[in-house]
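Below are the structure tokens for one structure; questions will follow.
The values are calculated or read from the model by the stated rules, or taken from the named source; none is laboratory data. On a predicted model such as this, the values are computed, not experimentally measured, just so you know. Using ideal geometry, Cβ is built from the backbone for each residue, glycine included, and neighbour counts are taken over all protein chains shown. The protein model used for the area step is the full one, side chains on, heavy atoms only, and it has no ligands, DNA or RNA in it. Shrake-Rupley method; radii C 1.70, N 1.55, O 1.52, S 1.80 Å.
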Amino acid sequence: MVVKFSRYHIAAISAFLIWGFIPFPLKALTASPSSQILYFRILISVLTLLVVSGTTRREQWRQTFATYKGQSPILKRRFILFTLMGGALLTINWLAFIYVVNHVDIQTGSFSYLLCPILTAALGFLILHEHLRVNQWVSVGLSLMSCLLVGTDSVYNLLFSLLIAASYAFYLITQRLLKDYDKIVLLTLQLLLAFTFIGPSYPWFVGEDAQPITGHFVGQIVLLSWLFTVIPLFLNLYALKELKSATVGVLMYLNPIINFTMAFLYFGEVASQQKVIAYAVIFASVVLYNLPIGKKKETPVTA
């Protein structure tokens with residue numbers, strides 16, 4: 001069977017390749033508190049998304065408001081609740097990942113994003129009652145084993161990995177529950193709400209360790225917000241127009257694989273024997289999870 005490689009595949013691969021190199025701008029800002037990096041990342045990202053929304057996505061905003069107005073009071077409250085939750089979860093996820101990359105190690109952040117899709121699947125089963133095949137349940141078990149191995153080596157690292165993975169997994173669940181709404185509009189609203197809470201409290205949120213706002217700081221924040229946030233997000237959403245979610249899900253593993261490669265080969269990080277075994281187990285679980293075992297074959301459509 002010949003797999004047709006399209007511009008949608010290129011868009012998805014580009015998005016995850018870009019995200020894979022996100023430690024570079026974060027490491028360049030190590031002197032700044034994680035909360036300060038997050039504050040300006042959200043600010044620049046939301047301003048950029050508002051400009052994009054006002055120039056190219058007005059119709060999507062009109063459709064979002066029309067969909068909201070047409071919903072029952074219960075669904076309206078659910079929209080507000082899950083939008084607020086989405087903003088909070090994304091803020092927690094970004095803050096934890098920034099802190100881990102700059103003050104723990106890159107491999108801990110990478111491990112969390114290998115764990116995240118399988119954790120999302122387990123939550124999808126528990127919350128959304130989504131079906132899991134036998135091999136996917138085995139993958140969940142292997143993932144738990146890898147967590148135990150990491151935990152016996154460093155509970156501190158494991159807790160951060162679980163925080164990053166769980167916050168993003170729950171964020172993805174909220175997005176599935178709001179599947180009738182445009183994703184860019186939702187993200188803009190979520191970041192706008194997040195900044196509404198943290199924006200007025202800069203001295204409290206950032207703390208006494210805040211660094212001066214220099215040209216280097218602004219340049220790296222703009223790079224982080226545009227190249228490593230907004231652009232890959234648009235590429236990923238563009239890819240999802242034509243590619244199956246399963247295809248994009250497999251390509252998503254490019255991100256942590258690149259992170260791991262950089263951690264060991266460029267930044268000189270080392271791992272204990274237990275961690276190496278844990279990483280091998282989680283990689284095995286990822287491969288097993290994506291195998292089409294027990295998957296129903298689609299019936300060819302004839303003209």
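Which number in (1) touching a residue at least 40 places away in the same chain (Cβ under 8 Å); (2) touching a helix residue (DSSP H, G or I) at 6+ places or on another chain (Cβ under 8 Å) marks the one condition that residue 76 misses?
Failing condition for residue 76: (1).
Out of the range 205-216, which residues are among the aliphatic types (A, V, I, L, M) and part of a loop (DSSP other than H, G, I, E, B)? Steps first, please.
The initial filter retains those residues of the range 205-216 that are among the aliphatic types (A, V, I, L, M), namely 206, 210, 213.
Within the range 205-216, 210, 213 qualify.
In this structure, is residue 263 more than 19 Å from residue 114 (Cα to Cα) and part of a helix (DSSP H, G or I)? Let's see the steps before the verdict.
Details: more than 19 Å from residue 114 (Cα to Cα): no; part of a helix (DSSP H, G or I): yes.
For residue 263, the condition - more than 19 Å from residue 114 (Cα to Cα) and part of a helix (DSSP H, G or I) - is not met.
Additional query: Can you find a residue in the range 22-39 that is under 16 Å from the mean Cα position of the chain (by Cα) and over 26 Å from residue 251 (Cα atoms)? Break it down stepwise before answering.
Within the range 22-39, the subset under 16 Å from the mean Cα position of the chain (by Cα) is 22-23, 26, 38.
Cutting the leftovers down to over 26 Å from residue 251 (Cα atoms) gives us 38.
Yes - at least one qualifying residue is present in the range 22-39.
Which of the residues that make up the range 217-251 are loosely packed, with under 13 Cβ neighbours inside 10 Å and either part of a helix (DSSP H, G or I) or of a type in the set (S, T, N, Q) (or both)?
Narrowing the range 217-251 to residues loosely packed, with under 13 Cβ neighbours inside 10 Å: 218-219, 241, 244-246.
Across the range 217-251, the qualifying residues are 218, 219, 245, 246.
Inside the range 14-60, can you point out the residues that are hydroxyl-bearing (Ser, Thr, Tyr), part of a helix (DSSP H, G or I), under 28 Å from residue 200 (Cβ atoms) and open to solvent by 50 Å² or more (accessible area, probe 1.4 Å)? Break it down into steps so the answer makes sense when it comes.
Keep residues of the range 14-60 that are hydroxyl-bearing (Ser, Thr, Tyr), which gives 14, 30, 32, 34-35, 39, 45, 48, 53, 55-56.
Next, only the ones that are part of a helix (DSSP H, G or I) stay: 14, 34-35, 39, 45, 48, 53, 55-56.
Those still in the list that are under 28 Å from residue 200 (Cβ atoms) too: 34-35, 39, 45, 48, 53, 55.
If the condition is that a residue be hydroxyl-bearing (Ser, Thr, Tyr), part of a helix (DSSP H, G or I), under 28 Å from residue 200 (Cβ atoms) and open to solvent by 50 Å² or more (accessible area, probe 1.4 Å), then 55 is the only one that fits.
Continuing with the same structure: Taking the options 184, 127, name whichever one is open to solvent by 40 Å² or more (accessible area, probe 1.4 Å) and either in contact with a strand residue (DSSP E or B) (Cβ under 6 Å, 6 or more places away or on another chain) or part of a helix (DSSP H, G or I) (or both). Break it down stepwise before answering.
Values: 184 fails: open to solvent by 40 Å² or more (accessible area, probe 1.4 Å).
So the residue among 184, 127 that is open to solvent by 40 Å² or more (accessible area, probe 1.4 Å) and either in contact with a strand residue (DSSP E or B) (Cβ under 6 Å, 6 or more places away or on another chain) or part of a helix (DSSP H, G or I) (or both) is 127.
State whether one or more residues within the range 188-199 are surrounded by 15 or more Cβ atoms within 10 Å (Cβ to Cβ) and not in a helix (DSSP H, G or I). Don't jump to the end; show me each part of the working.
From the range 188-199, those surrounded by 15 or more Cβ atoms within 10 Å (Cβ to Cβ) are 188-195, 198; that's our starting set.
From what is left, the residues that are not in a helix (DSSP H, G or I) are none.
Checked the range 188-199: no residue is surrounded by 15 or more Cβ atoms within 10 Å (Cβ to Cβ) and not in a helix (DSSP H, G or I).
Another question about this same structure. Could you list, ordered by first residue, the pairs with Cβ atoms under 8 Å in which the first is in the range 222-250 and in contact (Cβ under 8 Å) with a residue 12 or more places away in the chain and closer than 26 Å to residue 292 by Cα and the second is open to solvent by 60 Å² or more (accessible area, probe 1.4 Å) and in a helix (DSSP H, G or I), at least 6 apart or interchain?
237/183; 248/240
Mind checking which residues of the range 141-161 are buried (at least 18 other Cβ atoms within 10 Å of the Cβ), within 20 Å of the chain's Cα centre (by Cα) and not aromatic (Phe, Trp, Tyr)?
Those that are buried (at least 18 other Cβ atoms within 10 Å of the Cβ), within 20 Å of the chain's Cα centre (by Cα) and not aromatic (Phe, Trp, Tyr): 143, 147, 157, 158, 161.
Right, next: Taking the range 233-265, which residues are in contact with a Pro (Cβ under 9 Å, 6 or more places away or on another chain) and among the hydroxyl-bearing types (Ser, Thr, Tyr)?
Scanning the range 233-265 gives a single hit, 253.
Test of understanding: among 97, 82, which residue is touching a helix residue (DSSP H, G or I) at 6+ places or on another chain (Cβ under 8 Å), part of a helix (DSSP H, G or I) and within 20 Å of residue 227 (Cα to Cα)?
On the way: 82 fails: within 20 Å of residue 227 (Cα to Cα).
Unique residue meeting the criteria: 97.
Within the range 109-120, is there a residue that is of a type in the set (S, T, N, Q) and farther than 30 Å from residue 67 by Cβ? Give the derivation first.
Looking only at the range 109-120, we keep the residues that are of a type in the set (S, T, N, Q), and these are 110, 112, 120.
Remaining after also requiring farther than 30 Å from residue 67 by Cβ: 110, 112.
Within the range 109-120, one or more residues are of a type in the set (S, T, N, Q) and farther than 30 Å from residue 67 by Cβ.
Taking the stated definitions as given, is residue 287 within 15 Å of the chain's Cα centre (by Cα) and either at pLDDT below 90 or not in a helix (DSSP H, G or I) (or both)? Give the steps one after another, and end with the answer.
On the way: within 15 Å of the chain's Cα centre (by Cα): no; either at pLDDT below 90 or not in a helix (DSSP H, G or I) (or both): yes.
The answer is no for residue 287.
If you take the residues of the range 61-113 that are closer than 20 Å to residue 174 by Cα and in contact with a Pro (Cβ under 9 Å, 6 or more places away or on another chain), which of them is surrounded by the most Cβ atoms within 10 Å (Cβ to Cβ)?
The selected residue is 112.
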